[in-house]
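Enquirer: Provided herewith is a single structure, encoded as structure tokens, for subsequent inquiry.
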Amino acid sequence: MIEKNKNLKKPADLGAGAKPRLQQAKQISEENGKSENVLRPKVLSDYVGQDGIKRNLSVFLPAAKKRGEPMEHILLHGSPGLGKTTLAYILASEMNAQIRSTSGPAIEKPGDLAAILTNLKPGDILFIDEIHRLRSNIEEILYSAMEDFCLDLIVGKGPSARSMRIGLPKFTLIGATTKLSAISSPLRDRFGNVLKLEFYTEPDITKIIKRSASLLKVEIDEDAAVRLSKSARRTPRIANRLLRRTRDFAHVNDKNCVTLAITEETLEILGIDELGLDSTDRKILMTIAEKFQGGPVGLSTLSAATNEEDATIEDIYEPFLMQLGFLKRGPRGRLLTKNVYTHLGIKQ
């Protein structure tokens with residue numbers, strides 16, 4: 001553990017003279033939304049990690065171009081923040097295609113999807129994020145659209161109702177989901193390519209941090225980049241967020257470079273340890289250890305004890321804790337491993 005720099009200013013230490021610096025930090029924070037798009041790579045060669053997916057795409061993309069056809073439909077699945085949306089936009093750029101983006105919850109009626117599909121042009125890419133949240137009656141419209149490139153509609157009601165088929169241009173549907181099992185088999189089987197995004201390695205996260213720092217015009221030490229990568233939960237979105245927070249902290253303290261000392265101080269204020277665990281992660285682990293003697297404990301019981309929603313624990317916190325080997329699921333519920341007690345410094 002390095003010795004902390006006592007001269008660095010925390011928010012509580014800032015006086016009236018620091019107001020201009022706080023305004024500067026506020027302006028930086030407001031620009032973070034814009035910087036998210038700046039940090040996204042535009043071509044496949046700049047996309048760090050996911051080597052298996054890139055090998056597959058290095059075959060699919062040239063083959064589709066040689067045939068002069070759109071790519072087959074692609075389904076991307078994996079944990080949040082791993083780059084599914086970024087990859088969809090890269091594919092559109094590589095195919096020189098226009099991309100139209102929407103999400104499953106945003107499509108409320110069959111007419112909404114029909115309007116989107118009929119406005120597509122040949123070779124366009126339709127990107128649907130959270131595709132597992134499409135309603136079943138809307139999902140069924142995609143079956144004929146994906147297979148036959150046509151739209152089957154029912155016009156009228158009762159005895160006068162009749163079916164009508166509208167032709168669609170050939171397009172590529174890219175779906176993104178964090179819950180592959182929530183997608184029905186008929187829809188899932190219509191995708192020509194089903195690609196899973198894995199958690200990144202720490203060296204890849206370090207490369208992403210360095211690239212993002214260069215795009216944000218932030219100087220960062222090698223040690224600081226490595227330290228951030230250890231706390232980024234092996235997820236690029238979290239890595240970029242931590243980089244922006246350390247940048248804010250450095251600017252408030254009139255530092256031109258993000259150093260290891262600044263990084264350590266920032267992570268301490270954010271409550272993030274060297275493995276990337278935040279206060280909620282530790283609360284979940286401590287609750288199982290202290291209130292349930294290490295488990296097993298059911299999800300609903302754990303949710304009530306920690307005041308966190310079932311889905312939040314299951315979808316956001318559990319995957320990373322299981323990746324670390326801190327938590328495992330048994331037939332009777334969640335169980336802690338020995339590694340937890342060592343890391344938290346408590347007795348088993």
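Enquirer: Do you know which of the residues in the stretch 332-348 that are hydrophobic (A, V, I, L, M, F, W, C) and more than 16 Å from residue 318 (Cβ to Cβ) is farthest from the chain's Cα centre (by Cα)?
Expert: 346
Enquirer: How many of the residues making up the stretch 235-261 are in contact with a strand residue (DSSP E or B) (Cβ under 9 Å, 6 or more places away or on another chain) and over 16 Å from residue 206 (Cβ atoms)?
Expert: 5
Enquirer: Can you name the residue in the stretch 88-107 that is assigned to a loop (DSSP other than H, G, I, E, B) and aliphatic (A, V, I, L, M) and, of all such residues, is farthest from residue 173 (Cα to Cα)?
Expert: Here the residue is 107.
Enquirer: Pairs under 6 Å by beta carbon, first residue touching a residue at least 12 places away in the same chain (Cβ under 8 Å) and assigned by TED's automatic domain parsing to the domain that holds residue 102 in the stretch 117-144, partner surrounded by fewer than 19 Cβ atoms within 10 Å (Cβ to Cβ) and among the basic types (Lys, Arg), six or more apart or different chains?
Expert: Here the result reads 122/170; 126/100; 132/179, each pair linking the stretch 117-144 to a residue that is surrounded by fewer than 19 Cβ atoms within 10 Å (Cβ to Cβ) and among the basic types (Lys, Arg).
Enquirer: Of all residues in the stretch 163-216, count the ones that are in contact with a Pro (Cβ under 7 Å, 6 or more places away or on another chain) and within 23 Å of residue 314 (Cα to Cα).
Expert: 2
Enquirer: Something else: Consider residue 262 carefully, then state whether it is closer than 22 Å to residue 48 by Cβ, modelled with pLDDT of 85 or more and either among the aliphatic types (A, V, I, L, M) or out of contact with any Cys (no Cβ under 9 Å at 6 or more places or on another chain) (or both).
Expert: No.
Enquirer: From the list 266, 312, 259, exactly one residue is of a type in the set (S, T, N, Q) and either within 21 Å of residue 179 (Cα to Cα) or outside the structural domain of residue 231 (by TED's automatic domain parsing) (or both). Which is it?
Expert: After applying the criteria, what remains is 312.
Enquirer: What residue, of 312, 259, 287, is over 18 Å from residue 220 (Cβ atoms), hydroxyl-bearing (Ser, Thr, Tyr) and out of contact with any Leu (no Cβ under 9 Å at 6 or more places or on another chain)?
Expert: Of the residues listed, the single one that is over 18 Å from residue 220 (Cβ atoms), hydroxyl-bearing (Ser, Thr, Tyr) and out of contact with any Leu (no Cβ under 9 Å at 6 or more places or on another chain) is 312.
Enquirer: Being assigned to a helix (DSSP H, G or I) and in contact with a Leu (Cβ under 9 Å, 6 or more places away or on another chain) is the filter here; which residues of the stretch 318-334 pass it?
Expert: Correct list: 318, 320, 321.
Enquirer: Which one is nearest to residue 166 (Cα to Cα), of the residues in the stretch 108-135 that are assigned to a helix (DSSP H, G or I) and of a type in the set (Val, Ile, Thr)?
Expert: Taking the candidates together, the pick is 118.
Enquirer: Also, quick follow-up: Restricting to the stretch 196-209, name every residue that is part of a helix (DSSP H, G or I) and crowded, with 19+ Cβ neighbours inside 10 Å.
Expert: Those that are part of a helix (DSSP H, G or I) and crowded, with 19+ Cβ neighbours inside 10 Å: 205, 206, 208, 209.
Enquirer: Could you list, in sequence order, the residues of the stretch 40-74 that are among the small types (Gly, Ala, Ser), assigned to a loop (DSSP other than H, G, I, E, B) and either surrounded by fewer than 12 Cβ atoms within 10 Å (Cβ to Cβ) or in contact with a His (Cβ under 9 Å, 6 or more places away or on another chain) (or both)?
Expert: 68
Enquirer: Evaluate the following for residue 302: is it in contact with a strand residue (DSSP E or B) (Cβ under 7 Å, 6 or more places away or on another chain) and crowded, with 18+ Cβ neighbours inside 10 Å?
Expert: yes
Quick grid of which residues meet (1) part of a strand (DSSP E or B); (2) at pLDDT below 90; (3) surrounded by 15 or more Cβ atoms within 10 Å (Cβ to Cβ); (4) in contact with a Ser or Thr (Cβ under 8 Å, 6 or more places away or on another chain):
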| residue | (1), (2), (3), (4) |
| --- | --- |
| 176 | yes, no, yes, yes |
| 187 | no, no, yes, no |
| 194 | yes, no, yes, no |
| 212 | no, no, yes, no |
| 224 | no, no, yes, yes |
| 228 | no, no, yes, yes |
| 244 | no, no, yes, yes |
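Enquirer: Evaluate the stretch 299-320: report whether one residue or more is closer than 30 Å to residue 47 by Cα and aromatic (Phe, Trp, Tyr).
Expert: Looking for residues that are closer than 30 Å to residue 47 by Cα and aromatic (Phe, Trp, Tyr), one finds at least one in the stretch 299-320, hence yes.
Enquirer: All but one of (1) within 30 Å of residue 115 (Cβ to Cβ); (2) part of a helix (DSSP H, G or I); (3) of a type in the set (A, V, I, L, M, F, W, C) hold for residue 153; state the number of the condition that does not hold.
Expert: Condition (2) is where residue 153 drops out.
The values are calculated or read from the model by the stated rules, or taken from the named source; none is laboratory data. Here the structure is a predicted model, which means the values were calculated and not measured. Reconstructed Cβ throughout: ideal geometry from the backbone, glycine too, with neighbour counts over all protein chains shown.
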